[in-house]
Amino acid sequence: MTSPADAARALPPLHLAVALDGAGWHPAAWRAEGARPGELFTAGYWAGLVAEAEHGLLDLVTFEDALAVQSDSLRGPDDRTDRVRGRLDAVLIASRVAPLTSRIGLVPTTNVTHTEPFHLAAALATLDHAGHGRAGWRPQISARADDAAHFGRRAAATLTEGDLASPDTISARLAPLFDDAAGVLETVRGLWNGHGSTPPVAVLAHARIPYELAARGGDVVFVTPHSAEDAAAILAEVATAATAVARPAGRPLKVFADLLVLLDDRPGEAARHKARLDELAGDPLASDAAIFTGTPAELADLLLAWRTVETAGLRIDGFRLRPARLPHDLLAVTRALVPGLQRRGAFRTAYRATGLRGHLGLPDAVGALV
């Protein structure tokens, strides 16, 4: 019988990405040992993180962004003063670090609900030019009333607690925004037609309607399974979405699973650090993605086990890791997880392409998908 480890070795190498946000994805990360909260609004802070990710040969980094300040509530701003609030513009961060790196993909998040497509197309094409084909794009909708108030052109539906408890209900309530987003993606791709190395589009999705958005206009879909069984179910939903929108067979949709990670070399230490940060935050860490606490070797075991799940011809092609603490958990990824995966033959030992499409094994793109 083939072991999970042997099955994983028979597959193509994993893709790995990291999602960068502030001092890390834990709300109290700015209070963790080694954090540099005083540098969050400096170019050097971001340049150092991205250089470290490139040192680890990662496919790409994503940069979070939004039109309003961060909030513990999905419905609007809160009054917390014990959290990091405010961000630098994600496209500008990516543009600043592009000349300082040479291989890693740079994928900023931008709002598509209130931003004109030609502004997005120009900014991202410029980033791709500066990065020599290394730009990507994560489009994001917004249903928050305070975001809409910045522009005054459209009303935003107020989500109830019941809505927030059901991803499918949220998707249905937000269906018009996802329809608009699909139009923005098509328009931007049309404006990029002839640009050359068209930036790959990555969509974070949790339910049917956003899966269909990813299948219609994306190259990568970030999903959030919480177990191997959950991963199988999500892969089936993604395959169904691709069929529903008649995605061309020659346009592969790469599937990345998101994980929020706290890592330490000593068994049990990461869980103790999480408990301490939870205490400082005043609440247990919560996330749409699964939360992993453990050693890099244990994380490697999990990634390779989930990698063997196959449904409807789809597998998890890679993982987007959300470091709970920066730079600690990023360093654990680049200097412990990556070497461990390399020893198992599951991750590259050198970059073999210069552009992001090459890293991801995507075909050259010309114009719109739809």
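Summary table
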| quantity | calculated |
| --- | --- |
| Given (1) under 23 Å from SER171 (Cβ atoms); (2) assigned to a loop (DSSP other than H, G, I, E, B), number of the condition ARG138 does not satisfy | (2) |
| Subset of region 241-275 (residues that are touching a helix residue (DSSP H, G or I) at 6+ places or on another chain (Cβ under 7 Å) and more than 30 Å from ALA336 (Cα to Cα)) | ALA241, ALA242, ALA244, VAL245, ARG247 |
| Region 184-211, residues that are within 17 Å of the chain's Cα centre (by Cα) and not in a loop (DSSP other than H, G, I, E, B) | VAL201, ALA202, VAL203, LEU204, PRO210, TYR211 |
| Filter result (surrounded by fewer than 19 Cβ atoms within 10 Å (Cβ to Cβ) and either assigned to a strand (DSSP E or B) or touching a Gly at 6+ places or on another chain (Cβ under 7 Å) (or both)) within region 51-73 | VAL69 |
| One residue from ALA121, ALA156, ALA130 being at pLDDT 75 or above, more than 19 Å from VAL221 (Cβ to Cβ) and buried (at least 19 other Cβ atoms within 10 Å of the Cβ) | ALA121 |
| Some residue of region 197-211 being surrounded by fewer than 23 Cβ atoms within 10 Å (Cβ to Cβ), modelled with pLDDT under 95 and closer than 29 Å to ALA130 by Cβ | yes |
| Test: residue in region 295-305 that is of a type in the set (Asp, Glu) and under 20 Å from the mean Cα position of the chain (by Cα) | no |
| Out of ASP329, ASP317, sole residue that is acidic (Asp, Glu), crowded, with 16+ Cβ neighbours inside 10 Å and either more than 24 Å from PRO200 (Cβ to Cβ) or touching a Cys at 6+ places or on another chain (Cβ under 7 Å) (or both) | ASP329 |
| From PRO225, PRO284, residue being within 15 Å of ASP317 (Cα to Cα), assigned to a loop (DSSP other than H, G, I, E, B) and either at pLDDT 95 or above or under 16 Å from the mean Cα position of the chain (by Cα) (or both) | PRO225 |
| Single condition LEU314 does not satisfy, out of (1) in contact (Cβ under 8 Å) with a residue 12 or more places away in the chain; (2) closer than 23 Å to GLY22 by Cα | (2) |
| Residues being among the polar types (S, T, N, Q) and either under 30 Å from ALA244 (Cβ atoms) or in a helix (DSSP H, G or I) (or both) - total across region 306-360 | 4 |
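The values are calculated or read from the model by the stated rules, or taken from the named source; none is laboratory data. In this text, all values refer to a predicted model and were calculated from it rather than measured experimentally. Neighbour counts are summed over all protein chains in view; Cβ atoms, including those assigned to glycine, are modelled from backbone coordinates with ideal geometry.
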